[in-house]
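Step one of this worksheet: look at the structure below.
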Amino acid sequence: MKYDYIDTPIGRLLVAASDAGLAHVRFDDDERDAVIAPDWRRDRAGVADAWMQLSEYFAGERRVFDLPLAAPYGTAFQRRVWSVLPAIPYGQTIHYGELARRTGNPKASRAVGAANGANPLPIVVPCHRVIGANGTLTGFGGGLPTKRWLLEHEWRHAPVPAFALRSESRRWK
């Protein structure tokens, strides 16, 4: 596994990739080098594509990631939830119940939330675009201020006028 760090407006991210593709994006503001596996090696070239595309995202220049992704570790249900997340358009949000419906499990809102929390590729696999049914921002591995920042960043750079998004997507509190 190759990894490196990227400094972003929301803090430092650890980005790691295997030969199969991007495997981890982790919020790393507490510098958890101690939990990096012994066989991982720091190598900017090994994560260059991810590093570049994340840089473009934070600059407001990229709306869709085009990266090979390593098969994520997780249960079949988690992988199903993660496979649906990229279909949520940039600058828009859906509710956990809607995500549960899209996975074919309409009564599994809480389980969908737990799967979201285990997402190994936040931002790239956009779990931050899922909000509570009452419009509240709930749960996010990087913290709610980070989730708010990501959503506002996308609304600033969305390809449609901001007023068109506000009626549905910007309801959160």
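A few remarks follow.
- When the range 57-108 is filtered for residues that are of a type in the set (A, V, I, L, M), touching a residue at least 40 places away in the same chain (Cβ under 8 Å) and in contact with a helix residue (DSSP H, G or I) (Cβ under 7 Å, 6 or more places away or on another chain), the ones remaining, listed by number, are 67, 85, 88.
- Residues satisfying the stated conditions in the range 61-113, i.e. touching a strand residue (DSSP E or B) at 6+ places or on another chain (Cβ under 7 Å) and under 23 Å from residue 49 (Cβ atoms): 67, 68, 69, 70, 88
- Here residue 2 meets the list (1) closer than 21 Å to residue 133 by Cβ; (2) touching a residue at least 24 places away in the same chain (Cβ under 8 Å); (3) open to solvent by 40 Å² or more (accessible area, probe 1.4 Å) almost entirely, failing just condition (1).
- Residue match in the range 138-154 (condition: farther than 25 Å from residue 75 by Cβ, part of a loop (DSSP other than H, G, I, E, B) and at pLDDT below 85): no
- Subset tally (residues that are without any contact (Cβ under 8 Å) to a residue 24 or more places away in the chain, open to solvent by less than 30 Å² (accessible area, probe 1.4 Å) and over 14 Å from the mean Cα position of the chain (by Cα)) for the range 110-133: 0
- Scanning the range 37-81 for residues that are open to solvent by less than 70 Å² (accessible area, probe 1.4 Å) and β-branched (Val, Ile, Thr) yields 47, 81.
- In the range 82-109, the residues that are part of a helix (DSSP H, G or I) and open to solvent by 20 Å² or more (accessible area, probe 1.4 Å): 83, 86, 87, 96, 97, 98, 101, 102, 109
- Against the test of being in contact with a His (Cβ under 8 Å, 6 or more places away or on another chain), over 14 Å from residue 91 (Cβ atoms) and modelled with pLDDT under 95, the options 111, 133 yield a single qualifying residue, 133.
The values are calculated or read from the model by the stated rules, or taken from the named source; none is laboratory data. Remember, it's a predicted structure, so these values are computed and weren't measured experimentally. Ideal geometry is used to build each Cβ from the backbone, glycine not excepted, and the neighbour counts take in all protein chains shown. Heavy atoms of the whole protein, side chains included, go into the accessibility calculation; ligands, DNA and RNA do not. Shrake-Rupley method; radii C 1.70, N 1.55, O 1.52, S 1.80 Å.
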